[in-house]
1. Would you please give the FRET efficiency between N63 and Y215, computed as 1/(1 + (r/R0)^6) with r the Cβ-Cβ distance and R0 = 25 Å, to the nearest 0.05?
2. Starting from the Cα-Cα distance between F99 and Q3, subtract it from 0.36 nm times their residue separation and give me the gain in nm to one decimal.
3. Magnitude of the Cβ-charge dipole of the range 96-167, K/R +1 and D/E -1, about the Cα centre, nearest 20 debye?
4. In nanometres, what is the gap between the two model label sites at S150 and D70, each 7 Å from Cα along Cα-to-Cβ?
5. Given a Förster distance of 51 Å, report the FRET efficiency between Q117 and E89 from their Cβ-Cβ distance, rounded to the nearest 0.05.
6. Whole-Hz ³J(HN,Hα) for each residue in the range 145-153, computed from phi via Karplus 6.51 cos²θ - 1.76 cosθ + 1.60 with θ = phi - 60°, x for glycine and proline: what do you get?
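All of the numbers you see were taken from the coordinates with simple rules; none came from a lab. For clarity, every value in this text was computed on a predicted model and none was experimentally measured. All Cβ positions, glycine included, derive from the backbone under ideal geometry; neighbour counts span all protein chains shown.
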Amino acid sequence: MQQSEKKYLTSLIDKVNIIDKYNEGFYIMGKNSLDENMKTLVNFNDIDSWVDNLNYINVQVKNSAKTLFDILEKNKDIKHSFSGIENREAYYFTENIMFRVSILWDLLAQLTNTVFQLNENVDGIHHWAFFEKYAANSKRKEPFYIFTKSVYTYFQEIECSQDTNPWKGNFKFAKNLRNSFTHSLNPHIVNFNNGSFRRQGNKLKGANIPTSPLYETKRLLEDFVQAYDFIVDVRNNYVKQN
C-alpha cells in the first residue's frame, strides 16, 4: 500500500467520531403515566440507547481498519487478489468491517424509527426494507421523506470505480460481497467450476477471482463514512423537530 493510499484511507476513518448523547448518565425506566415533557425525555433516552450501539460499532470498525492498514502496508503484493497468508489475514479484517457496517445500516434504520417516532417493531426492522418503504413517498416534501429518500437513493447507486472519491455504488458493492458468502462461492477464495454460481469477485464465467483486499478496504470504508454521515444527520438535524 502506497503512502498516498494509506493517507486517504486514514482520512476516512478520521471523519468518524463519537456521537454525543442527549441524556448522558440519565435513564428512565417505564413509560406509564408520563406527561409530555417526560415522554420527550424518554424518547431522548431511547435515542441514546441506539447511539451507544452506534458508537460501539464505529469504534470496532475503526480498530479493525487500523489493524488492516498495517497488514496492507507490510504486504507489497496485497493488490493482487490470489489467496496467500497475508491476504487471508487482510480478508479477515475486511470481512469484519463489512459485517459491522451492515449492522450500522440497520442501526440507522432503528435510530430513524425512534427519532421520528414511527413505532415500527424493532425486531422486524431491516435497513433496505425500511428505507424502501418510506422512500415510496418520495414526492412528499416533509423532512422525514426527504431524508429517507436520500438514504434509499444512495442504496440504489450503480457501482462505479472510475469517478472521483468517494466512488459510486459502495453500498451495492458491499451488499453483493456480503451476499456472496451465503448465496454463492466464498468471494475470498479462488474457485473454478461450471459457472452455475452467480458470483461477486471479478464475475468471470466459470471462475471466482477475489477482489483485492486494498480495493475492498477502500469501498467498505467509504460506505462506512456515508453510513456515519446519515446517522449524524438524523441525530443532529431532526430530533428537535419531533
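1. Working: r = 21 Å, r/R0 = 0.85.
Given R0 = 25 Å and the Cβ-Cβ separation, E is 0.75.
2. Details: separation 96, 0.36 × 96 = 34.56 nm, distance 2.67 nm.
Extra length available between F99 and Q3 comes to 31.9 nm.
3. Working: 6 positive and 8 negative charges, 57 e Å.
For the range 96-167, the charge dipole is close to 280 debye.
4. So the label points at S150 and D70 sit 3.7 nm apart.
5. Working: r = 45 Å, r/R0 = 0.88.
After rounding to 0.05, the efficiency reads 0.70.
6. 6, 5, 5, 5, 5, 5, 5, 5, 4
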